[in-house]
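Right, one structure below, let's go through it.
The values are calculated or read from the model by the stated rules, or taken from the named source; none is laboratory data. If you're wondering where the values come from, they're calculated on a predicted model, not measured in any experiment. So basically every Cβ, Gly included, is an ideal-geometry build from the backbone, and we count neighbours across all protein chains shown. We work out accessible area using only protein heavy atoms, side chains counted, and drop any ligands, DNA or RNA first. Shrake-Rupley method; radii C 1.70, N 1.55, O 1.52, S 1.80 Å.
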Amino acid sequence: RMLVRLELALLVALELVLVSAFRRVILYEQAYGFTTGRLFPQAYMVAMSLVLIALAVEVTKGSISVSFGRRVAEIALGVFTVLVFWNYEAWIVNRNIDRAAQSGKFDWSYAKRLSRDAIPTLISRHAELPPDARAGIEAWLDCTPLPAERRWFEWNRSVRAADHALRSWNKAPCFH
């Protein structure tokens, strides 16, 4: 009984460490903006927190069952699936533009390093950017080539959306 209490205390301590780390990343995002390098650790921390909760359930039962391994796999697969199908780069750009509206700060050099998933959002919301960031993004968009034609089996939703957005963009001459 005492061992179970100690194990649960350890799991609670680990959860507190995860909550603290998660909060620090949130504070960092508030100060410097959102990036994939900050979003992925948050997804990992959420997954690990859920795994620790599942482990606590197993500890209270008295033994770790085979179903614990399945639960961990389901949690990992769920987080991975969300990251694969969610357009997190567009979400990052949206959050950073919202943040720029309040603080006036937008890291356009980071935004232009994102994949084509971010291009439709950058085009649709570029007018909301601070003037220096808007000029940088507009110059980058002017020099961004249209994607090459793809065969039917190479179809990609993100590339298609970026292609439509870039075709709607009134490109100025590109000056490197």
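Identify all residues within the range 50-99 that are of a type in the set (K, R) and closer than 30 Å to S124 by Cβ; write none if there are none.
R95, R99
Please count how many residues of the range 140-163 are open to solvent by 50 Å² or more (accessible area, probe 1.4 Å) and out of contact with any Asp or Glu (no Cβ under 8 Å at 6 or more places or on another chain).
Qualifying residue count, the range 140-163: 13.
Do we find that A135 is over 12 Å from A162 (Cβ atoms), out of contact with any helix residue (DSSP H, G or I) (no Cβ under 8 Å at 6 or more places or on another chain) and either part of a helix (DSSP H, G or I) or modelled with pLDDT of 90 or more (or both) in this structure?
Numbers: over 12 Å from A162 (Cβ atoms): yes; out of contact with any helix residue (DSSP H, G or I) (no Cβ under 8 Å at 6 or more places or on another chain): yes; either part of a helix (DSSP H, G or I) or modelled with pLDDT of 90 or more (or both): yes.
So A135 passes the test.
List pairs: first residue in the range 29-56 and within 23 Å of K105 (Cα to Cα) and open to solvent by 50 Å² or more (accessible area, probe 1.4 Å), second residue outside any helix (DSSP H, G or I) and not basic (K, R) anywhere in the structure, Cβ distance under 8 angstrom, at least six positions apart or on different chains.
Y32/D107
If you go through the range 97-111 one residue at a time, do you hit one that is open to solvent by less than 30 Å² (accessible area, probe 1.4 Å), touching a residue at least 40 places away in the same chain (Cβ under 8 Å), among the aromatic types (F, W, Y) and not in a helix (DSSP H, G or I)?
Looking for residues that are open to solvent by less than 30 Å² (accessible area, probe 1.4 Å), touching a residue at least 40 places away in the same chain (Cβ under 8 Å), among the aromatic types (F, W, Y) and not in a helix (DSSP H, G or I), one finds at least one in the range 97-111, hence yes.
Is there a residue being free of Cβ contacts under 8 Å to residues at least 24 places away in the same chain, open to solvent by 80 Å² or more (accessible area, probe 1.4 Å) and aromatic (F, W, Y) anywhere in the range 164-176? Talk me through it step by step, then tell me what you get.
Restricting attention to the range 164-176, the residues satisfying the condition of being free of Cβ contacts under 8 Å to residues at least 24 places away in the same chain are 167, 170.
Narrowing the set further to residues that are open to solvent by 80 Å² or more (accessible area, probe 1.4 Å) leaves 167, 170.
Pick out the ones that are also aromatic (F, W, Y) and you get none.
Looking for residues that are free of Cβ contacts under 8 Å to residues at least 24 places away in the same chain, open to solvent by 80 Å² or more (accessible area, probe 1.4 Å) and aromatic (F, W, Y), one finds none in the range 164-176, hence no.
Please go through the range 69-96 and give me each residue that is crowded, with 17+ Cβ neighbours inside 10 Å and more than 25 Å from N156 (Cα to Cα), ordered by number.
The answer is R71, I75, N96.
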